[in-house]
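Notes for the one structure printed next.
The values are calculated or read from the model by the stated rules, or taken from the named source; none is laboratory data. Bear in mind the structure is a predicted one, so any value in this text is a computation, not a measurement. All Cβ positions, even for glycine, are placed from backbone atoms using ideal geometry, and neighbour counts span all protein chains on display.
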Amino acid sequence: MKKNIFKKLLLSMTGAITGCMLFGTTAFGAVVVLDPGHGGAGTAGAGAIYAPFMEKVLTLDVANKVKSELEAAGVTVKMTRSSDVEMSLPNRAIFAKSAGADLFISLHFNASGPHDKTGTEVWTSSFGQFFTTGYHLGKSILTELSALGLQSKGVKTKLGSQGDYYGVIRYGTGLGMPSIIVEHCFLDHPYDRSILSSKGTAAFAHADATGILNYLKSTGASLGGGAAAAETHAETPAAETPAETPEAETPAETPAAETPATETPAAETPATEAPAAETSDTKAAEPSAGAGVSKTKYGCPVDAAGNVTYTDAGGTSITFTAADWQWLLSNWAYTGDAEYQLHTLPAADLKTLLDNHKSGKI
Ligand SMILES: [Zn+2]
């Protein structure tokens, strides 16, 4: 079962890599990655459940409809999941990065312990341009959602011990992507439920898509190449202090469930293999002659001290210490073939991950 899920993930990631090559051919030149929250078997994957509503079903339903609208407007859209599968927060962010996301948007529905909360809200990063972009994007979406009759509770930030409190935001910004969580409404409150029942998911999706499109239009014709993260706005909004904690969200998920088999550097050493000078093959970063005494599974040279030299698809190489490489394998790609998943990322991004980890941001 899990292997099938992983195969699907690999296929989708491969598709994303291919899609990335088509980058910039759409009307806006922007890539939006939608993340339908939750997913997978049992109540653990369901998110909030208040009959007849189940969060994982609603998020996928809305995401599919947002995707259709955005694509019709010429925006490239990828989804972290397109079926009812479990997916970790780090892997959602890794997928978004591999898809070249300019905006990483996680879709959710809310619930509260006392069942007395109402309204629509957006969460974003507390930091720098990630905050600025998330604020303006979130505000644009909330304008549309509140027009459905929902109370807008604003764009919020929340810090935890590792930086941004919510994992999907922390991991997304750790990879350099403006990242937000849209909490559409409260599934456990009669008023919000009446809005959802009467308007339907199509209206919610139309609100999301309109908000996203209006934001993209406000930033100009092109967001290609991650420009969304670097863009500047004349107005710097004040951070809004979050008034509450959404009960449905799980903070700071620890990706420890499945530890991959650690690649033993000495396991595969095709000493007679003729090294190619350069390759764009993401699976095989060939070492220069004499560069390493052994190689990892996907061909990264490992020297006598255990340092691993990683070369990405663009030909950029970075040497990681054995400890740093192990951290990347165990913390950022723990489901299935960890090293394969790392190979979907640029070398510079792996270094950014490590830098953020060492500075306590993730
Ligand atoms: Zn949720």
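Before moving on, here are some points about what is shown:
- Any hit, the stretch 124-142, residues being modelled with pLDDT of 95 or more, within 16 Å of the ligand (Cβ to nearest atom) and among the aromatic types (Phe, Trp, Tyr): no
- Contact annotation: residue pairs with Cβ atoms under 9 Å, 6 or more positions apart or on different chains, pairing a residue in the stretch 101-112 that is assigned by TED's automatic domain parsing to the domain that holds Leu70 and over 23 Å from Met177 (Cβ atoms) with a partner that is within 13 Å of the ligand (Cβ to nearest atom) and of a type in the set (S, T, N, Q), are Ser112/Thr245.
- Some residue of the stretch 143-159 being away from the ligand (no atom under 16 Å from the Cβ) and modelled with pLDDT under 95: yes
- Members of the stretch 105-152 found to be assigned to a loop (DSSP other than H, G, I, E, B) and among the basic types (Lys, Arg), listed by number: Lys117
- In the stretch 92-114, residue farthest from the chain's Cα centre (by Cα) [restricted to those that are under 18 Å from Gly134 (Cβ atoms) and within 16 Å of the ligand (Cβ to nearest atom)]: Asn110
- The single condition among (1) out of contact with any Ser or Thr (no Cβ under 6 Å at 6 or more places or on another chain); (2) closer than 16 Å to Ser106 by Cα; (3) not β-branched (Val, Ile, Thr) that Tyr50 does not meet is (2).
For every residue, the table says whether it meets (1) buried (at least 18 other Cβ atoms within 10 Å of the Cβ); (2) at pLDDT below 90.
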| position | (1), (2) |
| --- | --- |
| Ile181 | yes, no |
| His184 | yes, no |
| Lys199 | no, no |
| Ala207 | yes, no |
| Ala221 | no, yes |
| Gly225 | no, yes |
| Ala230 | no, yes |
| Ala239 | no, yes |
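- Residues in the stretch 163-192 that are outside any helix (DSSP H, G or I) and of a type in the set (D, E, K, R) were compared, and the one that is nearest to Lys56 (Cα to Cα) is Glu183.
- The residue that is farthest from the ligand (Cβ to nearest atom), counting only those in the stretch 32-91 that are basic (Lys, Arg) and either outside the structural domain of Phe204 (by TED's automatic domain parsing) or in contact (Cβ under 8 Å) with a residue 40 or more places away in the chain (or both), is Lys78.
- Test: residue in the stretch 49-67 that is part of a loop (DSSP other than H, G, I, E, B) and surrounded by 24 or more Cβ atoms within 10 Å (Cβ to Cβ): no
- Condition met for Lys97 (modelled with pLDDT of 95 or more, in the same structural domain as Ile195 (by TED's automatic domain parsing) and over 24 Å from Gly154 (Cα atoms)): no
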